[in-house]
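The values are calculated or read from the model by the stated rules, or taken from the named source; none is laboratory data. Not measured: the values here are computed from a predicted model. In this analysis, Cβ positions are derived from the backbone assuming ideal geometry, glycine residues included, and neighbour counts consider all displayed protein chains. Note: accessible area is taken over every heavy atom of the protein model, side chains too, but ligands, DNA and RNA are not part of it. Shrake-Rupley method; radii C 1.70, N 1.55, O 1.52, S 1.80 Å.
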Amino acid sequence: MSKRYLSIWFRHLLTDWRANRRPELRGLSLVISIKDHGRLVITEANSHAEKQGIFIGMAVADARAIIPGLQVAEEIPGKAHQLLNAIGEWCIRYTPLVSLDMPDGLILDISGCPHLWGGEREYLKHISAKLKARGYDTRMAIADSIGMAWANARFGRVTPIIEPGGTIEALLPLPPAALRLDPILLERLKKLGFYKVGAFINFSRSALRRRFGQALLQRLDQAIGREFETIIPLQPAVPYEERLPCLEPIRTAVGIEIALQRLLEGLCKRLEQEGKGMRTAILKCYRVDGKMVQIAIGTNHASRHIKHLFKLFELKISSIEPDLGIELFVLEAPKVEDVSPEQEALWVSSECDLGDQGLAELLDRLAGKVGAEAIHRYLPQERYWPERSIRPSLSLQEARVVDWRNEAARPTYLLAKPEPIKVTVRIPDYPPMLFIYKKKLHHIKKADGPERIEREWWLEAGEHRDYYQVEDQEGKRYWVFRSGHYAGDQEVQWFLHGFFA
């Protein structure tokens, strides 16, 4: 069986990826840039930018002079390799031999595969349509050699499929750049007037070697198929997965719990050997009627603690409908992370802080009951205005930059926006005697204050606030403030800003 290769060229890999993440960029001119000697230089441009004269190597300042609304994104080191690796693993469904072709392509050894899709043309259409649906602009070609497939994908204009034995004929009209030569050699060929491969392919090998070196002959031989090129296939990581087939269908919750316990023991043992813990896990239950039901969990810290993970799954086992019975259990851990020895030591630690595994487990259980979106953590900021003095944190691992201010009491629950209240006071600059909030009258029995908080003048202008801690007849405590000074007959505004526990 003769070899057949497919070359996939991602014409705008990084800009397509950006547009996939931010759909509002589609239809706009977008470029990727890097810093080079104090200036921004374009490393990739999407089709909209290219049509207006933007090219690789152009300074961003010059490009903005052509397109005032140009969208510029900074290049992320290693992102192209990461994307190609992920797409390459996805392509393994079409052939087991997929190799990276940096910086913007893939090479697939498709020998013996296209007939499963009805031939090479249907095979090519299927892959092209799938990648287009994922938002990637590609050009593809199939040929007898890697070099010819690469050349036709980037420079061919006749057909994407070079029939077996048609390599030389298809190579003749292509430019020398189709041979993957270095820029210096391409410049020499251009100066001598060799604008097509056919202009020099029939020269004697000794003359070509003498004039252009062995590199030209090697690339010619690779394109024609005289010299075999090897590829290094991608090796996808073995998934973290445990399977448990059942001799008899499982119909009870107890049976599901026993199966889950065995699966966790096996998977956590493997994770322990590799120094990892799971962040997400999925239990898939395949029923005898051909249907699959599943439950999933997530953790704040990477964990391989069987008891804790079992408790998280236990909260959701009741949602599994075994119907006529479950014949196969599969436990998957799609996301795993390294677990440090310090983290493992927290299991036996009596101290509790934000890095404590026990706290992370508690949050996991709460998230399983009320949803992760209902749990929030806040960190202090160096601001005086109360609503600006805190900010939301995305994880337990994020460290605070400044300490919490504790020189004055603050409410347990701070309203996002102060709410106006009606207040009665004995004399100006005294705490209120009573206030009305949401149509309910509160008689003040105790009060403390005022605490004056000025506006941050560098952000905005406006009145200061005089805050009071007050307690009503029911023993409930509130944080209220008056905005500004009393000024003659002018009515002042009072607001409720928080509640004390």
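About the Cα centre of the stretch 1-90, how large is the charge dipole given +1 on each Lys and Arg Cβ and -1 on each Asp and Glu Cβ? Please answer in debye to the nearest 20.
220
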Requested in this report: Using the structure shown, select from Lys3/Lys291; Lys284/Lys369; Lys79/Lys369 the pairs with a Cα to Cα distance greater than 29 angstrom.
Outcome: Lys3/Lys291; Lys79/Lys369
Query raised in the report: Between the stretch 51-96 and the stretch 194-266, how many Å separate their Cα centres?
Result: 23
Requested in this report: Select from the stretch 444-486 those trypsin sites (Lys or Arg not before Pro) which occupy a DSSP coil region and have at most 12 other Cβ atoms within 10 Å, ordered by residue number.
Outcome: Lys476
Report task. Using the charge dipole of the chain (Lys, Arg: +1 at Cβ; Asp, Glu: -1 at Cβ; taken about the Cα centre), state which of Pro431, His81, Ile256 has its Cα farthest towards the positive end. Result -> His81
**Report entry** Rounded to 10°, Cα long-axis angle of helix 146-155 versus longest principal axis of the chain
**Finding:** 70
Report task. Give the distance, in whole Å, between the Cα centre of the stretch 378-433 and the Cα centre of the stretch 11-27. Result -> 41
Report summary line: With DSSP loop assignment and no more than 14 other C-beta atoms within 10 Å, the GluC sites (Glu not before Pro) in the stretch 403-463 are Glu407, Glu454, Glu456, Glu460, Glu463
Report summary line: Taking R0 as 35 Å and r as the Cβ-Cβ distance between Arg26 and Asp289, the FRET efficiency 1/(1 + (r/R0)^6), rounded to the nearest 0.05, comes to 0.25
Requested in this report: As a check on your grasp of the helix formula, calculate [θ] at 222 nm for the chain: sum -39500 (n - 2.57) over DSSP H runs of n ≥ 4, divide by the residue count, round to the nearest 500.
Outcome: -8000 deg cm²/dmol
Report task. Beyond 25 Å between alpha-carbons counts as too far, so tell me which of Lys130/Lys196; Lys307/Lys335; Lys417/Lys439; Lys417/Lys476; Lys130/Lys276 fall in that bin. Result -> Lys130/Lys196; Lys130/Lys276
Requested in this report: Would you mind calculating the gained length between Phe203 and Glu163 on full extension (0.36 nm times residue separation, minus the Cα-Cα distance), in nm to one decimal?
Outcome: 11.9 nm
Report summary line: Taking only protein heavy atoms and a 1.4 Å probe, the highest-to-lowest accessible-area order of Val238, Val98, Val158 is Val158, Val238, Val98
Query raised in the report: What residue among Tyr123, Pro183, Ser145 has its Cα farthest toward the positive end of the dipole of the stretch 108-209, where the charges are +1 on Lys, Arg and -1 on Asp, Glu, each on the Cβ?
Result: Pro183
Report task. Grab the beta carbon distance between Lys439 and Ala374, set R0 = 35 Å, and tell me the FRET efficiency rounded to 0.05. Result -> 0.80
Report task. Could you grab the relative contact order for the chain? Cα pairs under 8 Å, six or more apart, rounded to a whole percent. Result -> 9
Query raised in the report: Put +1 on the Cβ of every Lys and Arg and -1 on every Asp and Glu Cβ in the chain; which of Cys91, Gln52, Ser7 then has its Cα farthest towards the positive end of the dipole?
Result: Gln52
Query - Within the accessible area of the stretch 138-197 (1.4 Å probe), percent carbon and sulfur - result: 61
Report task. Could you tell me which trypsin sites (Lys or Arg not before Pro) in the stretch 199-283 are loop residues by DSSP with no more than 15 other beta carbons within 10 angstrom of their beta carbon? Result -> Arg226, Arg251
Report task. Enter the angle in degrees (range 0 to 90, nearest 10) between the Cα long axis of helix 357-370 and the first principal axis of the Cα atoms of the chain, meaning the one along which they spread out most. Result -> 90
Report task. For a label point 7 Å from the Cα of Ile34 along Cα→C-beta, name the residues of the stretch 61-76 whose backbone N is under 13 Å from it. Result -> 74-76
**Report entry** Angle in degrees between helix 253-273 and the longest Cα principal axis of the chain, rounded to the nearest 10
**Finding:** 70
Requested in this report: Considering Cα pairs under 8 angstrom that are at least six residues apart, work out the relative contact order of the stretch 127-245 and quote it in whole percent.
Outcome: 24
Requested in this report: List the aspartates and glutamates whose Cα lies under 20 Å from the Cα of Lys132, skipping any in the same chain that are fewer than 8 positions away.
Outcome: Asp16, Glu24, Glu44, Glu50, Glu89, Asp101, Asp104, Glu120, Glu122
Query raised in the report: Ranked from the most accessible area to the least, with a 1.4 Å probe and all protein chains present, what is the order of Arg426, Arg388, Arg4?
Result: Arg426, Arg388, Arg4
Requested in this report: Would you work out the charge dipole size for the chain about its Cα centre, treating the Cβ of every Lys and Arg as +1 and the Cβ of every Asp and Glu as -1, and quote it to the nearest 20 debye?
Outcome: 1640
Requested in this report: Give the accessible surface of the chain per residue, rounded to a whole number of Å², with probe radius 1.4 Å and ligands, DNA and RNA excluded.
Outcome: 57
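Keeping all protein chains in place and using 1.4 angstrom, which order do Glu163, Glu398, Glu169 fall into by accessible surface area, from largest down?
Order by accessible area, largest first: Glu169, Glu163, Glu398.
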Query raised in the report: Say a site is exposed when it is one of the chymotrypsin sites (Phe, Trp or Tyr not before Pro), sits in a DSSP loop, and has at most 14 other Cβ atoms within 10 Å; what is then the longest site-free stretch of the chain?
Result: 229-383
Report task. Report in % the part of the accessible area of the stretch 254-330 that belongs to carbon and sulfur, leaving out ligands and nucleic acids; probe 1.4 Å. Result -> 48
Report summary line: Nearest-0.05 FRET efficiency for Phe228 and Ile390 at R0 = 60 Å, using Cβ-Cβ distance, is 0.40
Report summary line: With every protein chain in place, the accessible area of Leu379 for a 1.4 Å probe, in Å² rounded to the nearest 10, comes to 0
Query raised in the report: What distance in nm separates the simple spin-label points at Phe500 and Gln52, each placed 7 Å from Cα in the Cβ direction?
Result: 6.0
